[in-house]
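Colleague: What follows is a structure written as structure tokens; I'll ask about it next.
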Protein chains: 4
Amino acid sequence: MPDVLFHVDLNKPMDEQEIPGHNRWHPDIPAVISVNPGTEFRVECKDWTDGQIKNNNDPSDVRNVNLNRVHVLSGPIWINGTEPGDLLVVDILDIGPFPNSEWGFNGIFARENGGGFLTEHYPEAAKSIWDFHGIYATSRHIPGVKFAGIPHTGLIGTAPSQTLLDKWNKREKELVSKDPDRVPGLANLPTPDSAVLGSLKGAEFDRVAREAARTIPPREHGGNCDIKNLSKGSRIYFPVFVEGAKLSLGDLHFSQGDGEITFCGAIEMAGWVDLHVDVIKGGMAKYNIIDNPVFKPGPVEPQYSDYLVFEGISVDETTGEQHYLDAHIAYRRACLNAIEYLKIMGFTGEQAYMLLGTAPVEGRISSIVDVPNACCTIWIPTAIFDRDILPR
Amino acid sequence: MPDVLFHVDLNKPMDEQEIPGHNRWHPDIPAVISVNPGTEFRVECKDWTDGQIKNNNDPSDVRNVNLNRVHVLSGPIWINGTEPGDLLVVDILDIGPFPNSEWGFNGIFARENGGGFLTEHYPEAAKSIWDFHGIYATSRHIPGVKFAGIPHTGLIGTAPSQTLLDKWNKREKELVSKDPDRVPGLANLPTPDSAVLGSLKGAEFDRVAREAARTIPPREHGGNCDIKNLSKGSRIYFPVFVEGAKLSLGDLHFSQGDGEITFCGAIEMAGWVDLHVDVIKGGMAKYNIIDNPVFKPGPVEPQYSDYLVFEGISVDETTGEQHYLDAHIAYRRACLNAIEYLKIMGFTGEQAYMLLGTAPVEGRISSIVDVPNACCTIWIPTAIFDRDILPR
Amino acid sequence: MPDVLFHVDLNKPMDEQEIPGHNRWHPDIPAVISVNPGTEFRVECKDWTDGQIKNNNDPSDVRNVNLNRVHVLSGPIWINGTEPGDLLVVDILDIGPFPNSEWGFNGIFARENGGGFLTEHYPEAAKSIWDFHGIYATSRHIPGVKFAGIPHTGLIGTAPSQTLLDKWNKREKELVSKDPDRVPGLANLPTPDSAVLGSLKGAEFDRVAREAARTIPPREHGGNCDIKNLSKGSRIYFPVFVEGAKLSLGDLHFSQGDGEITFCGAIEMAGWVDLHVDVIKGGMAKYNIIDNPVFKPGPVEPQYSDYLVFEGISVDETTGEQHYLDAHIAYRRACLNAIEYLKIMGFTGEQAYMLLGTAPVEGRISSIVDVPNACCTIWIPTAIFDRDILPR
Amino acid sequence: MPDVLFHVDLNKPMDEQEIPGHNRWHPDIPAVISVNPGTEFRVECKDWTDGQIKNNNDPSDVRNVNLNRVHVLSGPIWINGTEPGDLLVVDILDIGPFPNSEWGFNGIFARENGGGFLTEHYPEAAKSIWDFHGIYATSRHIPGVKFAGIPHTGLIGTAPSQTLLDKWNKREKELVSKDPDRVPGLANLPTPDSAVLGSLKGAEFDRVAREAARTIPPREHGGNCDIKNLSKGSRIYFPVFVEGAKLSLGDLHFSQGDGEITFCGAIEMAGWVDLHVDVIKGGMAKYNIIDNPVFKPGPVEPQYSDYLVFEGISVDETTGEQHYLDAHIAYRRACLNAIEYLKIMGFTGEQAYMLLGTAPVEGRISSIVDVPNACCTIWIPTAIFDRDILPR
């Protein structure tokens, strides 16, 4: 086992950890670890909510979650010799839950507090607890289903430069200003409330807390991409925007369906990640990897070969309005079609919704030019069910 | 070989075929074949443009294409005993090009005439011709690339009822009215120009031609889904809206990347499809398959295990504007990121664009709830290149 | 479609074809085609028995088959510029049955006439006819099973040099001499009976017929390897022993299980193969490919992910005698274990035996050093059955 | 993490553990744990040699290994309510090395002390040490190679009944008697030397030690099958021969090639296994699973799609003698062909031999009826090399 460079104590909030992490993005959050290129090391992570969700049957913790607290991250990690313009090459060698904490949660956020992809249809909070059995997950809240997890880092990224941060804040502020009272909000702007900023204190804490970007969206540096395939064995090429790269990570998932549609979220867990880091000097320009990370998935993703696939198009399901090549709506329709089908197979709508958020389902943009409809598809592996779910 | 129930002569336009097909959707286009459930049969198809694109190096045919002529379809096929409310079960047993026509085309439509997913970046017409070598395709216009095709029916669907047709026309008209002069247009409304309607003639032709929906978008009945996985061995469950189901198909592709991003299109070909049809009586209500087909992919898709993956988020690449969970923009950014990378590997932008439209690349909605950014990914199999394309 | 360089007429025996093929290996059988490296071309093939087995329910043709007639091959093909010591690079671009002959046969040879892997247990002749439905095969003689085929060339190889041929004849003669009266025989020695030798005539025919090796076993030049993975898209590197390489092929299979255990055989069919050939000059020494071909499988083999696996060890099932690391016996025991299990699932022993010979089952040497037992395994894809075959 | 029911201390030999395990098979070795069907639990295991091989560069420990000491097993585990005739259903939920012992060994046994599959060619002892990097393994002794492991239980089985044990001893004694002085021996007969028999003591120890079968071969109860696919997520159905089933396991491998050809062995490691057990009452007769276990592989085996495949036939490589359908020789020839090729790619023969024993290569019985040659194939994933190894 590689050295653990970042420890967490599950009984303490992130700001009271021996080495506190952070839950905002800002170039001035000090690095807490430094490593050389070529190093293997372990990082421990709390679940993204900092322990707000409990292993019980009561969804009130999901309903009342403090989203200003998310995502608590481990880092920043300084990679020696790294400069802006480099590519940081990160290998996800392995990921797992803590031995004494082999469970995770998924939930549906209430519309008033976070929402989710189908919040107009499922506006109430709900929760499913998942138990891990080696590579498999089951939930007492969704009987009849068992699948191999695809453990991954929901959130991993380098620190933004001040310039990049300013760009984020500007564009997101402009978006919010279009409909500032929308529920759920169009974006989450910087707020000092519940900010955790590592070792920063006093005026510097206050300044950074006011400026620092929230961790919810993925951005140019990676961040909360929630790509289920950043799993064991994958290699990620990150653009570097600040000296030392300042890598941070968290939001570990035992499994997730493409889209992470319930927002709360995948099968969320606390756990550890083994990493190897390296650097390609000047790699951003050399390879034109400027705007987003590039990655190579690992070789041990769960292998299913039998899928049932649901399609959706970009027509609003409530109003019947035709939208122009809107893949968001098309994927929503595909998910809703799948849920209606799974109801026939004995699941409640909420169960089916949470299943699509947790199981290794694939979400594809199948066509995106056939004006005016985009066609998206959701792929459900049939082997995860303890019954035959095909139409006969 | 099963009986050929629908023949085409590649030297004649669709309206001059012995049994003419059609290029519009309308319940009153008469069926030209009838089969019993349980039958296997072969259908021949022209390429979607009715032969407008030639096997040469000149893209002027792509630039000047008559899009009112598309998609020329084979059918409608009446399936005996089928009624509205049933599910039509279609097995795609096999697909292939004609023995004397083993080539296909891909192109970029000019912005003024069709456009494409990246039309703001690549507004000029371009063309690539692909040669088939058994299961493989290569193009003299994109050297250094060879891949196994994933032949599929780009377009297959049942006929709409009059009610459903009226709904389509209404919603698409409303969309167009929002920006009627947009180039490319927001949708393609009914037009008698270049309509082909099987055996209809005279006043009936005129009435139907005025009402009939264009074939460009996928809709509730399936249609032009351009799902690359409707390949050999797949089974599709279609909702049935009219007596006899009236199945039609065309737009055969030798291969396509998810999204069919160049619009013109995949590797487009003329060829044949072997089908088996069956019926689940009352299946729409029994299985809640109401709004779109459901399918089960076949077992012989090309197997690649090594991918390089590019990410994109929903920030406009030109204006820097932040959009709200817009998977269309996120996928466009992912495609553009891939193209910039492929330029480093020695391809022109146009070549890379056409490659993403033709090779078996996967497009995924990786996250769709992390406000305000959607994260989409495009997966490129590394084995299709004759060189190592990984960053080193 | 590439040019057809070798035609067959299914209504004529191989020695009456316009261009007659051959059914023996000898360097002096004249080439009938010549091609340049880089050429793509089509070769048509009769089934391996030269049409002796009919599409009916009567196994007497299997029982009375003339095995001196097998395998009728198409070729030899001269590849211009090829010399001993080169590697001949053969791409299997595509394979298929003839459009008007979409069926194949499998059978169990009687112990007295050919036998098979389990001939002590199933000594009587039996036959199953398989119908092709695009990529799928079913048999009226084994209901409840359907699978995607893995079409391949059971037999493909270069011509031996006279030195190599002499070596073959010597070693096989020595083997037979150990038990000359054994039934089935230990090997099949040269015999002029039913020999087909292309255009050879008179004394030259007689000489070659006396010397030429039978086609039944695989040898250093490839030959009757019956490797199910020499399917669409695979590339084979053959050692070249004579000028021109003199490639021949035949024994097409629509599908086969590893081992081809029934001997008669896989799903045997007549059909066509599209080939591309190239040469690596001096490749045998350059790559140490001296004794047997090397190959790279293609990317479109049927993908199954769920298997039920049966083990066997090298203890004789009848006598209980312990053998030393005998993988032959271990695989036989694995097959017998699978058959006993499939009997519980409703198949007869003969049906199960023929199923293992035809479906894409895998046979593995799992351990070969744990004295005194080898452990072999047979992998059966569960998705080929129309019922759940797992123990519950 | 499930409860650890069997602990090991890596610093103590197996007979000095708090709960001692065993290294022989006998029905009278007392169970040390009892669990109910439906239980999940963890078992810790020492490496198969009981710690004789060290993490260094000196192969003398391999040369001088005491093979009477192997395999040290954890168990027996009593499953409550289990009786002869039942099937014991064992799920391998997860497997891993100990956190402070993330390395393993492979070696070539000297011909005089154990030998191996290619002992005539590589008679000297050799050793390679492998380091684990999350899911990957590399060896400082075989540079240029890195692969995802396929961790598995090399040895797992139920206890034999006295009747079954007597049968084993009888047949193996008869085998040895055919050539009692052979080096390496034809089988390993019972010996009290270095026997570890759990808590047995005194006269009972002596009696059992004289009768107990060695653990080296796989047999009817499973045992040392060395099937690389008994990996994470697999389910095994074991015949039960004694009350309580008495399950034992050990010989953990981080990775192995089919055949485990070096005998010492795979990548051998100490570690832990998480198990779930259940029972199908009367399952042996109900499912005809009498003679060997049956299993269903798990869904997270390493996925490689690109292989280079070497063939071998049953002609002795030294004498040129033709053998009759001998899959042992055919696989040996395939391995030797692969090794000769890998020498061209820059490996020594010993390195290539150890690579085939450790990497996830597949060994297949491709044809077994084409008298007189069997054809076996060895499949090497090309992605495990840091260079292109294809012939060009």
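The values are calculated or read from the model by the stated rules, or taken from the named source; none is laboratory data. This one's a predicted model, so the numbers in the text were calculated from it and none came from an experiment. Cβ coordinates were reconstructed from backbone atoms using ideal geometry, including for glycine residues, and neighbour counts include every protein chain displayed.
Colleague: In segment D:51-82, what count of residues is obtained for those that are of a type in the set (D, E, K, R) and under 19 Å from D:Asn11 (Cβ atoms)? Spell out the reasoning first.
Modeller: Initial filter on segment D:51-82 (of a type in the set (D, E, K, R)): D:54, D:58, D:61, D:63, D:69.
Next, only the ones that are under 19 Å from D:Asn11 (Cβ atoms) stay: D:54, D:61, D:69.
Qualifying residue count, segment D:51-82: 3.
Colleague: Examine segment C:316-331 for a residue that is surrounded by fewer than 22 Cβ atoms within 10 Å (Cβ to Cβ), at pLDDT 95 or above, facing chain D (nearest Cβ under 7 Å) and under 25 Å from the mean Cα position of the chain (by Cα), and state whether such a residue exists.
Modeller: no
Colleague: Just to check your reading of the model, which residue among A:Pro190, A:Pro143 is out of contact with any helix residue (DSSP H, G or I) (no Cβ under 8 Å at 6 or more places or on another chain) and not in a helix (DSSP H, G or I)?
Modeller: Numbers: A:Pro190 fails: out of contact with any helix residue (DSSP H, G or I) (no Cβ under 8 Å at 6 or more places or on another chain).
So the residue among A:Pro190, A:Pro143 that is out of contact with any helix residue (DSSP H, G or I) (no Cβ under 8 Å at 6 or more places or on another chain) and not in a helix (DSSP H, G or I) is A:Pro143.
Colleague: Could you please find all residues in segment C:64-112 being free of Cβ contacts under 8 Å to residues at least 60 places away in the same chain and touching a Pro at 6+ places or on another chain (Cβ under 8 Å)? Talk me through it step by step, then tell me what you get.
Modeller: Of all residues in segment C:64-112, those free of Cβ contacts under 8 Å to residues at least 60 places away in the same chain come to C:64, C:99-100, C:102, C:110.
If the condition is that a residue be free of Cβ contacts under 8 Å to residues at least 60 places away in the same chain and touching a Pro at 6+ places or on another chain (Cβ under 8 Å), then C:Ala110 is the only one that fits.
Colleague: Still on this structure, I have one more. State which residue pairs qualify: first residue among the hydroxyl-bearing types (Ser, Thr, Tyr) and inside segment A:326-346, second residue at pLDDT 95 or above and in a helix (DSSP H, G or I) in any location, beta carbons under 8 Å apart, and separation of 6 or more residues or different chains.
Modeller: A:Tyr331/B:Ala327; A:Tyr341/B:Tyr287
Colleague: Only one of C:Ser161, C:Ser177 is over 11 Å from C:Arg24 (Cα atoms), touching a residue at least 40 places away in the same chain (Cβ under 8 Å) and in the same structural domain as C:Gln52 (by TED's automatic domain parsing). Can you tell me which?
Modeller: On the way: C:Ser177 fails: touching a residue at least 40 places away in the same chain (Cβ under 8 Å).
Only one candidate qualifies: C:Ser161.
Colleague: Further, regarding this structure: Run D:Asp91 past the list (1) within 26 Å of D:Asn288 (Cβ to Cβ); (2) in contact with a helix residue (DSSP H, G or I) (Cβ under 7 Å, 6 or more places away or on another chain); (3) acidic (Asp, Glu) and report the number of the one that doesn't hold.
Modeller: Going through (1) within 26 Å of D:Asn288 (Cβ to Cβ); (2) in contact with a helix residue (DSSP H, G or I) (Cβ under 7 Å, 6 or more places away or on another chain); (3) acidic (Asp, Glu) one by one, D:Asp91 breaks only (2).
Colleague: Just the residues that are of a type in the set (D, E, K, R) and either in contact with a strand residue (DSSP E or B) (Cβ under 6 Å, 6 or more places away or on another chain) or within 8 Å of chain C (Cβ to nearest Cβ) (or both), please, taken from segment D:162-173. Lay out the reasoning, then the answer.
Modeller: First pass over segment D:162-173, keeping only residues of a type in the set (D, E, K, R): D:166-167, D:170-173.
If the condition is that a residue be of a type in the set (D, E, K, R) and either in contact with a strand residue (DSSP E or B) (Cβ under 6 Å, 6 or more places away or on another chain) or within 8 Å of chain C (Cβ to nearest Cβ) (or both), then D:Lys167, D:Arg171, D:Glu172 are the ones that fit.
Colleague: Within segment B:224-254, how many residues are within 8 Å of chain A (Cβ to nearest Cβ) and either more than 20 Å from A:Phe310 (Cα to Cα) or not basic (Lys, Arg) (or both)?
Modeller: Looking only at segment B:224-254, we keep the residues that are within 8 Å of chain A (Cβ to nearest Cβ), and these are B:224-229, B:237.
Narrowing the set further to residues that are either more than 20 Å from A:Phe310 (Cα to Cα) or not basic (Lys, Arg) (or both) leaves B:224-227, B:229, B:237.
Residues that pass the stated criteria total 6.
One line per residue, one yes/no per condition, for (1) closer than 22 Å to A:Lys296 by Cβ; (2) among the β-branched types (Val, Ile, Thr); (3) part of a helix (DSSP H, G or I); (4) under 25 Å from the mean Cα position of the chain (by Cα):
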| site | (1), (2), (3), (4) |
| --- | --- |
| B:Gly346 | yes, no, no, no |
| B:Ser366 | yes, no, no, yes |
| B:Val371 | no, yes, no, no |
| B:Thr377 | yes, yes, no, yes |
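Colleague: Taking strands (runs of 3 or more DSSP E) that fall entirely within segment C:234-306, which contain at least 1 residues that are modelled with pLDDT under 95, buried (at least 24 other Cβ atoms within 10 Å of the Cβ) and not aromatic (Phe, Trp, Tyr)?
Modeller: Values: elements: C:235-239, C:247-253, C:263-268, C:271-280, C:294-296.
The strands (runs of 3 or more DSSP E) meeting that bar are C:263-268.
Colleague: If we keep just the residues of segment D:351-392 that are more than 7 Å from every other protein chain (Cβ to nearest Cβ) and touching an Asp or Glu at 6+ places or on another chain (Cβ under 8 Å), which is surrounded by the most Cβ atoms within 10 Å (Cβ to Cβ)?
Modeller: Restricting to residues being more than 7 Å from every other protein chain (Cβ to nearest Cβ) and touching an Asp or Glu at 6+ places or on another chain (Cβ under 8 Å), the top hit is D:Gly357.
Colleague: Out of (1) buried (at least 21 other Cβ atoms within 10 Å of the Cβ); (2) of a type outside the set (Ser, Thr, Tyr); (3) more than 22 Å from the chain's Cα centre (by Cα), what's the single condition that is false for D:Asp206?
Modeller: All conditions are met except number (1).
Colleague: For A:Gly257, indicate whether it is more than 9 Å from chain B (Cβ to nearest Cβ) and under 19 Å from the mean Cα position of the chain (by Cα). Give the derivation first.
Modeller: Details: more than 9 Å from chain B (Cβ to nearest Cβ): yes; under 19 Å from the mean Cα position of the chain (by Cα): yes.
When the stated conditions are applied, A:Gly257 passes them.
Colleague: Out of segment A:57-109, which residues are of a type in the set (A, V, I, L, M), surrounded by 24 or more Cβ atoms within 10 Å (Cβ to Cβ) and either within 14 Å of another protein chain (Cβ to nearest Cβ) or closer than 20 Å to A:Ala137 by Cα (or both)?
Modeller: The initial filter retains those residues of segment A:57-109 that are of a type in the set (A, V, I, L, M), namely A:62, A:65, A:67, A:70, A:72-73, A:77, A:79, A:87-90, A:92-93, A:95, A:108.
Among the residues that remain, those that are also surrounded by 24 or more Cβ atoms within 10 Å (Cβ to Cβ) are: A:62, A:70, A:72-73, A:77, A:79, A:87-88, A:90, A:92, A:95, A:108.
The answer is A:Val70, A:Leu87, A:Leu88, A:Val90, A:Ile92, A:Ile95, A:Ile108.
Colleague: Working carefully through the options A:Thr158, A:Thr153, find the one that is touching a His at 6+ places or on another chain (Cβ under 7 Å) and either of a type in the set (Ser, Thr, Tyr) or at pLDDT below 95 (or both). Talk me through it step by step, then tell me what you get.
Modeller: Details: A:Thr153 fails: touching a His at 6+ places or on another chain (Cβ under 7 Å).
Only one candidate passes the filter, namely A:Thr158.
Colleague: Would you list the strands (runs of 3 or more DSSP E) that sit entirely within segment B:56-111 and hold 2 or more residues that are in the same structural domain as B:Gln256 (by TED's automatic domain parsing) and within 15 Å of the chain's Cα centre (by Cα)?
Modeller: Working: elements: B:73-79, B:87-97, B:103-108.
Per the criteria, B:73-79, B:103-108.
Colleague: Mind listing whichever residues of segment A:174-185 are touching a strand residue (DSSP E or B) at 6+ places or on another chain (Cβ under 9 Å) and surrounded by fewer than 16 Cβ atoms within 10 Å (Cβ to Cβ)?
Modeller: A:Glu174
Colleague: Working only within segment A:186-197, note down all residues that are of a type outside the set (Ser, Thr, Tyr) and surrounded by fewer than 19 Cβ atoms within 10 Å (Cβ to Cβ).
Modeller: Residues of segment A:186-197 of a type outside the set (Ser, Thr, Tyr): A:186-190, A:192-193, A:195-197.
Result: A:Leu189, A:Pro192, A:Asp193.
Colleague: Can you tell me which of C:Ile313, C:Ile289 is in contact (Cβ under 8 Å) with a residue 60 or more places away in the chain, more than 30 Å from B:Pro302 (Cα to Cα) and at the interface with another protein chain (Cβ under 7 Å from one of its Cβ atoms)? First the steps, then the outcome.
Modeller: Numbers: C:Ile289 fails: more than 30 Å from B:Pro302 (Cα to Cα).
Just a single option satisfies the conditions, and that option is C:Ile313.
Colleague: Does any residue of segment D:212-227 turn out to be within 18 Å of the chain's Cα centre (by Cα) and more than 26 Å from C:Glu317 (Cα to Cα)? Reasoning before the result, please.
Modeller: Keep residues of segment D:212-227 that are within 18 Å of the chain's Cα centre (by Cα), which gives D:213-227.
Subsequent filtering for residues that are more than 26 Å from C:Glu317 (Cα to Cα) retains none.
No, segment D:212-227 contains no residue that is within 18 Å of the chain's Cα centre (by Cα) and more than 26 Å from C:Glu317 (Cα to Cα).
Colleague: Now for a separate question. Is it fair to say A:Glu340 is within 7 Å of another protein chain (Cβ to nearest Cβ), assigned to a strand (DSSP E or B) and not aromatic (Phe, Trp, Tyr)?
Modeller: Details: within 7 Å of another protein chain (Cβ to nearest Cβ): yes; assigned to a strand (DSSP E or B): no; not aromatic (Phe, Trp, Tyr): yes.
Considered against the rule, which asks whether it is within 7 Å of another protein chain (Cβ to nearest Cβ), assigned to a strand (DSSP E or B) and not aromatic (Phe, Trp, Tyr), A:Glu340 comes out as no.
Colleague: If you don't mind, another one. Condition first: more than 14 Å from chain C (Cβ to nearest Cβ), polar (S, T, N, Q) and touching a strand residue (DSSP E or B) at 6+ places or on another chain (Cβ under 9 Å). Now tell me which residues in segment B:18-56 satisfy that. Walk me through it before giving the result.
Modeller: First, the residues of segment B:18-56 that are more than 14 Å from chain C (Cβ to nearest Cβ): B:18-37, B:45-56.
Filter once more, keeping what is polar (S, T, N, Q): B:23, B:34, B:36, B:49, B:52, B:55-56.
Of everything in segment B:18-56, those that are more than 14 Å from chain C (Cβ to nearest Cβ), polar (S, T, N, Q) and touching a strand residue (DSSP E or B) at 6+ places or on another chain (Cβ under 9 Å) turn out to be B:Asn23, B:Ser34, B:Asn36, B:Thr49, B:Asn55, B:Asn56.
Colleague: Tally time: how many residues in segment D:260-286 are within 16 Å of the chain's Cα centre (by Cα), facing chain C (nearest Cβ under 7 Å) and among the β-branched types (Val, Ile, Thr)? Full working, then the answer.
Modeller: Taking segment D:260-286 and keeping what is within 16 Å of the chain's Cα centre (by Cα), we get D:260-273.
In the following step, the residues that additionally are facing chain C (nearest Cβ under 7 Å) were identified as D:260-261, D:263.
Among the residues that remain, those that are also among the β-branched types (Val, Ile, Thr) are: D:261.
Qualifying residue count for the region: 1.
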